[in-house]
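Single-structure report; data block below.
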Amino acid sequence: MTDSLYFMLQIDCESTQASVNDPALGRRASEGFARCLEANRLLGTFYVIPTDIEAHADLYRDLRRRGHEVGVHVHPAVQGYGEFLGIYGPDEQREILGEATDRFVAAMGCHPTSVCVGYVSTNDHTYGVLESLGYRQGTNSIPGRVLPQCAAVHAGAPLELHYAHRHNRVLEGNMDFVESPVTVDPDSRMWGGANPQDLRIELVDAKNHYYTIRKAIQRQLDGRTPVKSIRSLTHNTFDYSESTNFRRQTLEAVIDHARRLAHEHQLELKSATVVDLASAYRRAVPLESRRENLALDRRAYERTQTS
Ligand SMILES: [Zn+2]
């Protein structure tokens, strides 16, 4: 039986942020991204901040009808708070995330189940708060990111899909929340060593992304990862409606690389939203089978007994 390689393409929609403030570009970018994916028989995951979803509710409702996943993206500054969610305690996080959720419901007419926190600025309270607000999956980690100045530290976090841990953001746990980390190459460091090279379309060119994808596939085959996947991201601040746009060309090349590399590894490439990924993971790894199993590794204390 041919194993599957799930392929998720995520776009964070935040064109109304003060630093961008170009909703017309955001609309063209989101629509262009969707069209580009649809031309390749793929579906996208759109994480949208409250002001973007209020500006373009018609577009995001239409994208959902077309099969794409639309979830919540959170940048607290957009809502009048500080820039980074990860500095807040549980009550303030619930207030910020709850407000973003309510505004999503008002614009979309349905409750979101997928969420992505901006900068992946989270702390050990965040997953519990997300669960209490009804979220079931999301993208809230870039494994290996060490950006304390953004309250975004994910050193040693799991590289692939996993159930979140209620009290520790870098551990696998047994919460009914499937974390879908951004695909990274943990050995290639950028930004003075603070961030791994990840599959963010705009970070590097398609040639560099080719090696990250190839390495991620091999790692998951070697590790017998139960649900193999490639998870890419971008932002709706690049004009994906324009076929000559460099980011659009990088996106198309990444899609092509993923398809070719899947074939070369005898894997069937399957389009997946974050909801599809979480469903596949829940099927392959029943939550009941997960045991918290952290124990002191005592192997280095052992001595060979000689008589
Ligand atoms: Zn963002």
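Just to be sure, is THR45 more than 12 Å from the ligand (Cβ to nearest atom) and part of a strand (DSSP E or B)?
Values: more than 12 Å from the ligand (Cβ to nearest atom): yes; part of a strand (DSSP E or B): yes.
Yes.
Say we look at segment 159-182 and pick out the residues that are part of a loop (DSSP other than H, G, I, E, B) and of a type in the set (A, V, I, L, M); which of these is nearest to ASN140 (Cα to Cα)? Don't jump to the end; show me each part of the working.
So in segment 159-182, the residues part of a loop (DSSP other than H, G, I, E, B) come out as 159-161, 165-171, 173-177, 180-182.
Still in the list and also of a type in the set (A, V, I, L, M): 159, 161, 170-171, 175, 182.
Numbers: LEU159: 12, LEU161: 11, VAL170: 11, LEU171: 13, MET175: 14, VAL182: 8 Å.
Among them, the one singled out is VAL182.
Are any residues in segment 40-49 touching a helix residue (DSSP H, G or I) at 6+ places or on another chain (Cβ under 8 Å) and surrounded by fewer than 23 Cβ atoms within 10 Å (Cβ to Cβ), and if so, which ones?
Hits for segment 40-49 are ASN40, LEU42, LEU43.
Specify which of the listed residues (VAL227, VAL274) is β-branched (Val, Ile, Thr) and either over 18 Å from the mean Cα position of the chain (by Cα) or closer than 14 Å to LEU5 by Cβ (or both). Lay out the reasoning, then the answer.
Working: VAL274 fails: either over 18 Å from the mean Cα position of the chain (by Cα) or closer than 14 Å to LEU5 by Cβ (or both).
Matching residue, one of VAL227, VAL274: VAL227.
Condition first: acidic (Asp, Glu) and surrounded by fewer than 15 Cβ atoms within 10 Å (Cβ to Cβ). Now tell me which residues in segment 255-307 satisfy that. Write out each step before concluding.
Initially, segment 255-307 is screened for residues acidic (Asp, Glu), giving 256, 264, 268, 276, 288, 292, 297, 302.
Residues satisfying the conditions are ASP256, GLU264, GLU268, GLU288, GLU292, ASP297, GLU302.
Residue pairs, Cβ under 6 Å, 6 or more apart or interchain, first in segment 1-27 and of a type in the set (D, E, K, R), second assigned to a strand (DSSP E or B) and away from the ligand (no atom under 15 Å from the Cβ). List them.
Going by the 6 Å Cβ cut-off, the qualifying pairs are ASP3/LEU267.
Take GLY118 and tell me if it is within 16 Å of the ligand (Cβ to nearest atom), of a type in the set (Gly, Ala, Ser) and at pLDDT 95 or above. Don't jump to the end; show me each part of the working.
Numbers: within 16 Å of the ligand (Cβ to nearest atom): yes; of a type in the set (Gly, Ala, Ser): yes; at pLDDT 95 or above: yes.
For GLY118, the condition - within 16 Å of the ligand (Cβ to nearest atom), of a type in the set (Gly, Ala, Ser) and at pLDDT 95 or above - is met.
For ILE96, which of the numbered conditions (1) touching a residue at least 24 places away in the same chain (Cβ under 8 Å); (2) within 24 Å of HIS56 (Cα to Cα); (3) among the hydrophobic types (A, V, I, L, M, F, W, C) fails to hold?
(1)
Being within 16 Å of SER232 (Cβ to Cβ) and either touching a residue at least 60 places away in the same chain (Cβ under 8 Å) or among the hydrophobic types (A, V, I, L, M, F, W, C) (or both) is the requirement here; does LEU161 meet it? Spell out the reasoning first.
On the way: within 16 Å of SER232 (Cβ to Cβ): yes; either touching a residue at least 60 places away in the same chain (Cβ under 8 Å) or among the hydrophobic types (A, V, I, L, M, F, W, C) (or both): yes.
Answer is yes for this residue.
Give me the residue from segment 67-82 that is within 12 Å of the ligand (Cβ to nearest atom) and either free of Cβ contacts under 8 Å to residues at least 12 places away in the same chain or assigned to a helix (DSSP H, G or I) (or both) and, out of that set, surrounded by the fewest Cβ atoms within 10 Å (Cβ to Cβ).
Of segment 67-82, the ones within 12 Å of the ligand (Cβ to nearest atom) are 72-78.
Narrowing further to those that are either free of Cβ contacts under 8 Å to residues at least 12 places away in the same chain or assigned to a helix (DSSP H, G or I) (or both): 76-78.
Details: PRO76: 24, ALA77: 15, VAL78: 20.
Across segment 67-82, the extreme among qualifying residues is ALA77.
Just to be sure, is ILE142 within 16 Å of the ligand (Cβ to nearest atom), β-branched (Val, Ile, Thr) and under 30 Å from GLN249 (Cα atoms)? Steps first, please.
Values: within 16 Å of the ligand (Cβ to nearest atom): yes; β-branched (Val, Ile, Thr): yes; under 30 Å from GLN249 (Cα atoms): yes.
It is true that ILE142 is within 16 Å of the ligand (Cβ to nearest atom), β-branched (Val, Ile, Thr) and under 30 Å from GLN249 (Cα atoms).
Does segment 54-66 hold any residues that are surrounded by fewer than 16 Cβ atoms within 10 Å (Cβ to Cβ) and either in a loop (DSSP other than H, G, I, E, B) or in contact with a strand residue (DSSP E or B) (Cβ under 7 Å, 6 or more places away or on another chain) (or both), and which are they?
ARG64, ARG66
What residue, among those in segment 117-146 that are of a type in the set (D, E, K, R) and within 19 Å of GLU69 (Cβ to Cβ), is surrounded by the most Cβ atoms within 10 Å (Cβ to Cβ)? First the steps, then the outcome.
Applying the first criterion (of a type in the set (D, E, K, R)) to segment 117-146 yields 124, 131, 136, 145.
When the remaining residues are screened for being within 19 Å of GLU69 (Cβ to Cβ), the result is 131, 136.
Numbers: GLU131: 15, ARG136: 19.
My answer is ARG136.
So ILE96 clears everything in (1) under 25 Å from ALA194 (Cα atoms); (2) within 16 Å of the ligand (Cβ to nearest atom); (3) surrounded by fewer than 23 Cβ atoms within 10 Å (Cβ to Cβ) except one condition, right? Which one?
(1)
The values are calculated or read from the model by the stated rules, or taken from the named source; none is laboratory data. Predicted model only: the values in this text are computed from it and were never measured. Note that each Cβ is placed from the backbone with ideal geometry, even for glycine, and that neighbours are counted across all protein chains shown.
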